[in-house]
Amino acid sequence: MLVHIVPRFEKGRILRTEMLENLRDFPRTFLDVRFEDYSDGILTGLKVSVEDQVLIVGKGILKHAGRLYLLEDDFSVPYMATGRVAVLKMIFLEPTRRPDFTAHHAEIVLEGEESLGLDEVELGRFKLKPGAVLRSDYQDFADMNTEYNTWCDLHAPYSAISTPTLRPDILRFFAYEMLQFRSGDVQDHVFSFTCLNSERVSRQVVEQYIYLKTGMNCEDYSNVQLHRQLSMILVESGRNTKTAVPWANGRKGRMIVD
């Protein structure tokens with residue numbers, strides 16, 4: 001039976017346990033049902049912005065081991081240049097059990113270890129040379145994976161149906177760059193419009209697009225490998241197409257009658 005219960009808090013009425021339980025349980029139950037079929041990974045938000053000597057993790061929700069973790073306020077993490085890889089990650093701690101509840105906690109830390117444990121999820125990484133400035137503004141799509149002095153969140157798993165995928169903003173960046181080429185390939189248009197108009201694009205769609213363009217099976221590819229293939233597709237599209245002249249700036253056509 002479907003049910004929608006709204007507690008009635010009115011003057012003169014007795015405050016019952018069931019009324020408080022409804023307020024407590026409904027938001028959590030709603031989210032659990034809404035994202036039940038989604039994989040572990042970032043559900044929304046948790047976008048990292050780069051400031052002077054500080055990484056700021058934005059508010060968001062992450063799913064891990066079937067549980068939803070909510071970051072309600074922006075979180076700042078200081079960083080420094082070491083010339084080595086630094087990984088921003090979430091570490092999930094042992095639950096705290098008390099008589100009234102069980103609490104599951106996660107910490108956001110910046111570490112120099114590239115490998116991840118079973119209870120760790122990466123939010124992004126960088127390799128900053130001493131004296132250099134860390135940046136997150138990219139010159140083009142391929143620049144997202146520049147080795148030095150560049151913030152990279154390609155490794156971060158973004159939750160989707162069944163399997164994690166690439167962050168939506170990564171795929172939107174691809175779509176903007178592809179559409180600039182005025183490609184005549186219908187596959188490019190369909191995939192680009194899907195990236196621009198979807199809340200998230202499933203990994204299977206990305207893999208199928210790459211297969212149609214290159215003939216390569218990408219089922220076992222990492223996020224970085226998928227990005228590399230998409231970058232190569234952009235390079236090839238740039239070679240094979242010319243930027244079309246806007247209609248308003250073009251010359252009017254002439255008809256010659258013999």
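Whether any residue in region 128-138 is touching a Phe, Trp or Tyr at 6+ places or on another chain (Cβ under 8 Å) and among the polar types (S, T, N, Q) is what I want to check. Taking every residue of region 128-138 in turn, at least one turns out to be touching a Phe, Trp or Tyr at 6+ places or on another chain (Cβ under 8 Å) and among the polar types (S, T, N, Q). For region 44-78, taking the residues that are surrounded by fewer than 16 Cβ atoms within 10 Å (Cβ to Cβ) and among the small types (Gly, Ala, Ser), the one that is nearest to residue 117 (Cα to Cα) is identified as 65. In region 187-198, the residues that are in the same structural domain as residue 174 (by TED's automatic domain parsing) and polar (S, T, N, Q) form Cβ pairs under 9 Å with partners that are surrounded by 15 or more Cβ atoms within 10 Å (Cβ to Cβ) and outside any helix (DSSP H, G or I), at six or more places apart or across chains, as follows: 192/183; 194/201.
Every test in (1) over 22 Å from the mean Cα position of the chain (by Cα); (2) surrounded by 11 or more Cβ atoms within 10 Å (Cβ to Cβ) is passed by residue 96 save one, and that test is (2). Please determine whether any residue of region 198-207 is assigned to a loop (DSSP other than H, G, I, E, B) and over 17 Å from the mean Cα position of the chain (by Cα). Looking through region 198-207, none of the residues is assigned to a loop (DSSP other than H, G, I, E, B) and over 17 Å from the mean Cα position of the chain (by Cα).
Yes or no, residue by residue, for (1) within 16 Å of the chain's Cα centre (by Cα); (2) part of a strand (DSSP E or B); (3) modelled with pLDDT of 90 or more; (4) over 16 Å from residue 121 (Cα atoms):
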{"residue": "23", "(1), (2), (3), (4)": "no, no, no, yes"}
{"residue": "31", "(1), (2), (3), (4)": "no, no, no, yes"}
{"residue": "56", "(1), (2), (3), (4)": "yes, yes, yes, yes"}
{"residue": "62", "(1), (2), (3), (4)": "yes, yes, yes, no"}
{"residue": "83", "(1), (2), (3), (4)": "no, no, yes, yes"}
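The values are calculated or read from the model by the stated rules, or taken from the named source; none is laboratory data. Remember, it's a predicted structure, so these values are computed and weren't measured experimentally. We place every Cβ from the backbone using ideal geometry, glycine too, and count neighbours over all the protein chains shown.
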